[in-house]
There are 4 protein chains.
Amino acid sequence: MDHIDIEVVADPDLTDPVFIEGLPGVGHVGKLVAEHLVEEFDGDLVRRVYTTDFPPQVTVDDDGVADLTHAAFHHVDAGGRDLLVLTGDHQAASNEGHYELTTAFLDVAEEFGCERAFALGGVPTGELIEDDEYDVLGARTEDTDREELEAAGVEFRENEPAGGIVGVSGLVLGLGARRGLPAACLMGETSGYLVDPKSAQAVLEVLQTLLDFEVDFSDLEERAEEMEEVVGKIQEMQGGGGGMPSDDELRYIG
Amino acid sequence: MDHIDIEVVADPDLTDPVFIEGLPGVGHVGKLVAEHLVEEFDGDLVRRVYTTDFPPQVTVDDDGVADLTHAAFHHVDAGGRDLLVLTGDHQAASNEGHYELTTAFLDVAEEFGCERAFALGGVPTGELIEDDEYDVLGARTEDTDREELEAAGVEFRENEPAGGIVGVSGLVLGLGARRGLPAACLMGETSGYLVDPKSAQAVLEVLQTLLDFEVDFSDLEERAEEMEEVVGKIQEMQGGGGGMPSDDELRYIG
Amino acid sequence: MDHIDIEVVADPDLTDPVFIEGLPGVGHVGKLVAEHLVEEFDGDLVRRVYTTDFPPQVTVDDDGVADLTHAAFHHVDAGGRDLLVLTGDHQAASNEGHYELTTAFLDVAEEFGCERAFALGGVPTGELIEDDEYDVLGARTEDTDREELEAAGVEFRENEPAGGIVGVSGLVLGLGARRGLPAACLMGETSGYLVDPKSAQAVLEVLQTLLDFEVDFSDLEERAEEMEEVVGKIQEMQGGGGGMPSDDELRYIG
Amino acid sequence: MDHIDIEVVADPDLTDPVFIEGLPGVGHVGKLVAEHLVEEFDGDLVRRVYTTDFPPQVTVDDDGVADLTHAAFHHVDAGGRDLLVLTGDHQAASNEGHYELTTAFLDVAEEFGCERAFALGGVPTGELIEDDEYDVLGARTEDTDREELEAAGVEFRENEPAGGIVGVSGLVLGLGARRGLPAACLMGETSGYLVDPKSAQAVLEVLQTLLDFEVDFSDLEERAEEMEEVVGKIQEMQGGGGGMPSDDELRYIG
């Protein structure tokens, strides 16, 4: 096996496809959005990306069959709008691996003719989001249209995100810019402590407006209700205090 | 020395050999099984595999002679059934090393004509196994026969093993599938806290049925009795409680 | 992207340029000096250096535009004296990366014709510097003139810096010597706990004398006053004691 | 600079030279012996070995001159007996680095015609050695003469050293054996908590017998007295108890 090994599963012709990256990260926001798109629109697997920088690991499905860890590209037909959606269970394990892997991802996007990219993620606020006001922060390459993003509800704030954007999402912008691929990062506000389907929904709403498609949210809403029950129980255990849950209670990410 | 360096010690012709992997892991189950096979059937060393991904270390034998850390393949004639048994003292030290090393191992297995592989290990339950009911969980590549495995006593359970299979055993399946080698992973249930000869025996019994050989268990049973004494003393020290021993008391693995 | 990727932004002809390295380190002394030179003399960006050894990260500017982590060379015309000033947000992440990156930096310096180098940094004293007596310690390659450095106020002390010089600054001397580039390291004394504009000023004063230029200090003085307020508050919180602040209180570096 | 870069300083013809390795390790025993030989016999520097696997670091001498971290080979004429002595301030930083570096060291030894090697080190006992009874444990490649070593005072004990031999010393034997270089490891017993000149002297005495030379011990004895004062003070602070000093009190190694 090569250091990075791209398996061609299908090679459909896509029309003006948009590359959507949703690997695991803060609140699993990007991953939730990407998986929701693949599931709701019954996406077709087109590429598997294996790399020796991922953990040496297989998952086991319900029939006992082992599946080697990989990232996957799906073609999603979002009501006539072609999306190339990337998701998976891991980021790279090293600095160098992040650069190499994102380069491979961008190569695939380019091969399919994507001329626009969205990197999806969460931005941690450190406290539970109240009143369902999930803002979506943005960052972009210079050749994207800030006004178009703002019109779709994306906020740009000075000095945010404070630590920059780390991981594959950051590099989709950083390396995308260097190869002339207009890219934007959409980051849903989230506590940073929990898998956050509501933040994912906020990001999806922005994406709908930007790319002019519609998707059913009921699955995400269901998952959001489950998470609210979890949060409710935690708050009860803490005597009703609405503060930040302790680290131990909040190990739900994953 | 190359990154991976395979020393040819002997080159016997094997008949329909089966590749058995038993490197260190949970409860040292796989290693116990592999070493038991080599000892009971007086296996012949055929390959040493050195790699710069192993610790820079020599072991010293009773005559004071230093031996550079390596993994070893033995040819085991299990009463007419040819086995190619891999064991050693280390897994790889890096993600990339795991992939490279497992690829080298599968190359050796292929070179000897193995058309079937078993990766052996333990699956941690977090508590001591009671009443000697050591189940053996399975995972497999798509082209292996689930029914045959189940008939030999292997259980397939939904969502188990929960975290997938990590390390060389996982990759024997994951990389094996990619090169068309039918492989199964046999995982003996074990507490995860102790070297577990009983779990090893359970795995061996499955292997006997599957590969139609018979092996004497008395050495494993002896080691099991020794371990029971250890567990007994620990429980005494805890006032007879049958619960999970503390981490400090149970550092027997290794 | 290559492992190290040098982007040519401009290619001015420089006259007897001097290479100045100011990457992050103890008290951010070197970085403060380098950035001050670039800002005061309105330096021109000439090279961006990207490497897969930097974190996979973009920073986001006030217009929401993402910028891939890099180190930058600026041409600074310090009143007729050409300087080639290197600064950035990161050191390398690995031993090997430090060697490779410093080699790339020295290649750029050589390409511009630099025949002299200064590596700037701080040397930690472990306590707050009193009475504004910020000494500047020196180290050098054999072919630099110790007397000239001493005449400009640089001190050479036996067994200091005790732990040698680590990181890119150390290698500018170590690798510089091996390729025949006369280099000196100027290390401002600093507590090691705080970003230290006063120590940076002390280093700048030495550099002015050595290279015969003059720069306005008011920005550094302003930053120094801000830091003094921080220190004042910390000392108040400690009941006026002038001792070493605790680790928790002093996490201002960065 | 290459990954490993060997600088030729001098190229004397040596007669039946013996390779002596003394890099830092337990109790700095090996390093003390190697440095003692170089100093007492006024050894000549013949090779510097640089590697990107060493820390990116320079040391600074009393004249302020920076020296890039390296390992050094000296030719030592021990009263007619030619030794090729390797010492330095660092082991490698990675598994792979250890293998590569030791290979480079053995290449140099071979180039000078060494047909015998001694790797020097300490073996930790976990308690202070009483009554100056510093045993020297041995390990060897198969083609060295155990009896000769034992006659010189080396002890071979079953299951010792328990954890094998780690680092460059281990690989001098492990890789030495693979290339046909007879090698022995001499390990002075030492607490493992302190730089131990007495253990170094014990190793040196063995080496004298084996290689038929004589060296003055007064410098080592002086350093041993200094260390005894340190130990005495620690024991006082502990109320005269002769037990194992605490970790905090004993960070003298290095």
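Coordinate-derived values only; no laboratory data. Note that the structure is predicted; figures quoted are calculated from it, not measured. Please note: Cβ atoms are built from the backbone with ideal geometry, for glycine as well, and neighbour counts cover all protein chains shown.
A few remarks follow.
- Annotation note: GluC sites (Glu not before Pro) in the stretch C:126-195 located in DSSP loop regions with a Cβ neighbour count of at most 10 within 10 Å are C:GLU130, C:GLU133, C:GLU158.
- Structure remark: mean-square fluctuation, Gaussian network model of chain D, C-alpha springs under 10 Å; the largest value among D:VAL136, D:VAL123, D:VAL46 belongs to D:VAL46.
- Ratio of Rg to Rh for chain B: 0.96 [Cα atoms; Kirkwood radius as inverse mean 1/r over pairs].
- Cβ-Cβ FRET estimate between B:ASP44 and A:ALA10, R0 fixed at 35 Å, reported to 0.05: 0.15
- Sorted shortest first, the separations between the A:GLU115 label point and its copies elsewhere in the assembly read 5.3, 5.3, 7.5 nm; each point sits 7 Å from Cα along the Cα-to-Cβ line.
- Per-residue mean of foreign Cβ neighbours for D:88-97 is 4 (Cβ atoms of other chains, 10 Å radius).
- Inter-chain Cβ neighbour average for residues C:155-163, partner chain, 10 Å: 3
- Relative contact order of chain A, defined on C-alpha pairs under 8 angstrom at six or more residues apart (%): 23 percent
- Antiparallel content of DSSP bridges confined to chain D, in %, to 5: 60 percent
- Local electrostatic count at B:LEU149 - Lys and Arg +1, Asp and Glu -1, tallied over other residues with Cβ under 10 Å: -3
- By other beta-carbon atoms within 10 Å, ranking B:LEU171, A:LEU181 with the fewest at the front produces A:LEU181, B:LEU171.
- Within the protein assembly as shown, percent of DSSP bridges classed antiparallel, to nearest 5: 60 percent
- Here is how the number arises for chain A: DSSP H runs of 4 or more residues each give -39500 (n - 2.57), the sum is divided by the residue count, and the result at 222 nm is -10000 deg cm²/dmol.
- Cβ-defined net charge surrounding D:GLU96, 10 Å radius [Lys, Arg +1; Asp, Glu -1]: -3
- Shielding of peptide C:164-175 by partners, expressed as the average count of other chain Cβ atoms within 10 Å per residue Cβ, is 6.
- Residues A:ARG116, D:ARG140, sorted so that the one with the fewest Cβ neighbours within 10 Å comes first: A:ARG116, D:ARG140
- Relative exposure of A:LEU186, C:LEU14, A:LEU84, judged by other C-beta atoms within 10 Å (fewest first): C:LEU14, A:LEU84, A:LEU186
- Protection proxy ranking of D:191-201, B:206-216, B:103-113 - average other beta-carbon atoms within 10 Å, highest first: D:191-201, B:103-113, B:206-216
- Placing a label point 7 Å from the Cα of B:GLY232 along the Cα-to-Cβ direction, the distances to the matching points in the other copies come to 5.3, 5.3, 7.5 nm, shortest first.
- Over 31 Å (Cα to Cα) - which of A:LYS31/A:LYS233; C:LYS233/D:LYS233; C:LYS31/C:LYS233 fall in this group: C:LYS233/D:LYS233
- Sorted shortest first, the separations between the B:GLU150 label point and its copies elsewhere in the assembly read 6.2, 6.2, 8.8 nm; each point sits 7 Å from Cα along the Cα-to-Cβ line.
- Electrostatic bookkeeping for A:GLN208 treats Lys and Arg as +1 and Asp and Glu as -1; over the other residues with beta carbon under 12 Å from its beta carbon, the sum is -4.
- A:ASP143 versus D:GLU147: modelled label distance in nm, points set 7 Å from Cα along the beta carbon direction: 8.1 nm
- Each 20 Å bin from zero holds the following percent of Cα-Cα pairs in the protein assembly as shown: 11, 33, 40, 15, 1.
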